[in-house]
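> Quick one: this structure, given as structure tokens, is what I'll be asking you about.
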Amino acid sequence: MKMYPFLKIAVLVLLALLMEACATYAPQYVENNTSFLPLGQQDSLLHTFYIAGGYGNKGKGSSEWAIKLLDTSLNKAPKASTLIFTGDNISAQEGAWNMDKDLLEQQIQLAENFKGNTIFLPGNNEWKSFKSANVEKIEDVVKDLERENINFFPENACPIEHLVINDQLDLIVLDSKWFISNWSRVEDINKKCTDIKTRRRFLEELEGYINDGQDKNIIIAMHHPIFSNGKYA
């Protein structure tokens with residue numbers, strides 16, 4: 001894949017939010033809160049991604065500094081930016097909808113003044129009830145905002161969404177929990193996924209999007225890492 005000059009994405013990695021999620025046993029930090037591009041080259045960035053996850057697993061007070069850092073960064077971010085909440089955006093506790101909705105609203109509030117696009121994607125906690133309808137219930141909270149720049153992807157408890165960020169960059173959003181779940185335990189799995197009802201068909205769709213993005217940069221966003229030293233994934 002061809003890499004365009006200065007298209008290395010500056011990522012604010014707030015892995016302190018993942019202390020109890022699917023990352024590692026210890027929080028990981030970007031030194032001095034800097035991007036991966038040297039000073040003087042940052043004006044050449046075509047797009048910036050802000051990545052945060054595991055908000056629903058945060059302990060009381062344990063991640064407040066990271067949340068404040070994210071809030072400050074988002075308020076200063078350019079329009080050519082995307083914020084991705086990478087799953088476990090609600091609690092792991094079953095039957096806790098009021099708390100879960102409050103957690104979602106806290107994250108939405110963080111994006112209130114953000115000029116870019118915000119994407120929520122599902123993780124383990126979103127599927128805790130093993131019901132597709134409850135994943136869609138979370139999606140509906142985001143949809144009811146009627147904000148064009150705040151979305152829940154993939155839609156309808158389906159596994160994949162393809163987004164064109166610009167003419168040099170694509171984003172593919174995956175529901176990795178959908179892929180690794182035991183479908184016999186999931187109520188109404190794939191009920192609204194008219195085109196993708198098997199893992200083979202999913203992989204064909206993913207391969208197609210990757211092929212369509214030849215000569216572009218492609219970012220694949222999902223909850224579970226491909227490789228991990230973590231205790232969950």
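> Sort 96-107, 47-58 for me by packing, meaning the mean count of neighbouring Cβ atoms within 10 Å per residue, highest on top. Numbers along the way, then the final one.
Numbers: 96-107: 15.6, 47-58: 22.7.
Ranking the peptides 96-107, 47-58 by packing returns 47-58, 96-107.
> Let me know the shape class of segment 106-191, please: from the alpha-carbon gyration tensor, a ≥ b ≥ c as square roots of the eigenvalues, rounded when a/c is under 1.5, otherwise prolate if a/b is greater than b/c, or oblate.
Note, shape of segment 106-191 comes out oblate.
> Please name which of ASN151, HIS223, ILE108 has its Cα lying farthest along the dipole of segment 82-233 towards the positive end, using unit charges on Cβ (Lys, Arg +1; Asp, Glu -1) and the Cα centre as origin.
HIS223
Read-outs: derived from the displayed coordinates by stated rules, not from any lab. None of these values were measured; they are calculated from a predicted model. Please note: Cβ atoms are built from the backbone with ideal geometry, for glycine as well, and neighbour counts cover all protein chains shown.
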